[in-house]
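Before we start, here is the structure in question, set down as structure tokens.
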């Protein structure tokens, strides 16, 4: 990691920063694969201050990637199956202007190292079946494990579950 990059665990005090990052990343990330209505609905379900606080209380760990004090992106992870030592990367987003500079790999590898430190043998993530990020995850060693369609309100998330063995 570059000397100017800093990774830290987010606290409830960082919820406004997470919201600002999500606002800057969601629409550009999903506009080509989801309707504006679906993006707005899902954003409203996942990124209100109350929803983020609840996610933190229920065991999601949020990490912020910063450069010279400026937040560039965030990731969150949680235990998926304790007995199977499976963790889940719930979110990973970077500001659009930072994409393609290696920051995503830095953030993803930091999460992999942290969950491994916590006892994970496997890290799963969901990615929309039409999201170009699938190629990024494949280059980082993830493989499609299964497909799932998840209802969220009146909409569906049509995802691949991708998996990487960490040990």
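The values are calculated or read from the model by the stated rules, or taken from the named source; none is laboratory data. On a predicted model such as this, the values are computed, not experimentally measured, just so you know. All Cβ positions, even for glycine, are placed from backbone atoms using ideal geometry, and neighbour counts span all protein chains on display.
Condition test on residue 27, is it surrounded by 15 or more Cβ atoms within 10 Å (Cβ to Cβ) and at pLDDT below 95?
Yes; evaluated as a whole, the condition is true for this residue.
Answer yes or no: is there a residue in the range 94-102 that is touching a helix residue (DSSP H, G or I) at 6+ places or on another chain (Cβ under 8 Å), surrounded by 15 or more Cβ atoms within 10 Å (Cβ to Cβ) and not in a strand (DSSP E or B).
Taking every residue of the range 94-102 in turn, at least one turns out to be touching a helix residue (DSSP H, G or I) at 6+ places or on another chain (Cβ under 8 Å), surrounded by 15 or more Cβ atoms within 10 Å (Cβ to Cβ) and not in a strand (DSSP E or B).
Now for a separate question. Between 44, 59, which is touching a helix residue (DSSP H, G or I) at 6+ places or on another chain (Cβ under 9 Å) and either surrounded by fewer than 16 Cβ atoms within 10 Å (Cβ to Cβ) or at pLDDT 95 or above (or both)?
Answer to the check: 44.
If you don't mind, another one. Looking for something at negative phi, in a helix (DSSP H, G or I), touching a helix residue (DSSP H, G or I) at 6+ places or on another chain (Cβ under 6 Å) and touching a residue at least 24 places away in the same chain (Cβ under 8 Å) - is there at least one such residue anywhere in the range 63-84?
no
Now a separate question. Of everything in the range 1-17, what is modelled with pLDDT of 95 or more, over 17 Å from residue 92 (Cα atoms) and part of a loop (DSSP other than H, G, I, E, B)? Give them in sequence order.
Those that are modelled with pLDDT of 95 or more, over 17 Å from residue 92 (Cα atoms) and part of a loop (DSSP other than H, G, I, E, B): none in the range 1-17.
Here is a check on your reading of the model: is residue 109 assigned to a helix (DSSP H, G or I) and free of Cβ contacts under 8 Å to residues at least 60 places away in the same chain?
When the stated conditions are applied, residue 109 passes them.
Next question. So, of the residues in the range 141-167 that are surrounded by fewer than 12 Cβ atoms within 10 Å (Cβ to Cβ) and within 15 Å of residue 87 (Cβ to Cβ), which turns out to be modelled with the highest pLDDT?
Per the stated criteria, the residue is 165.
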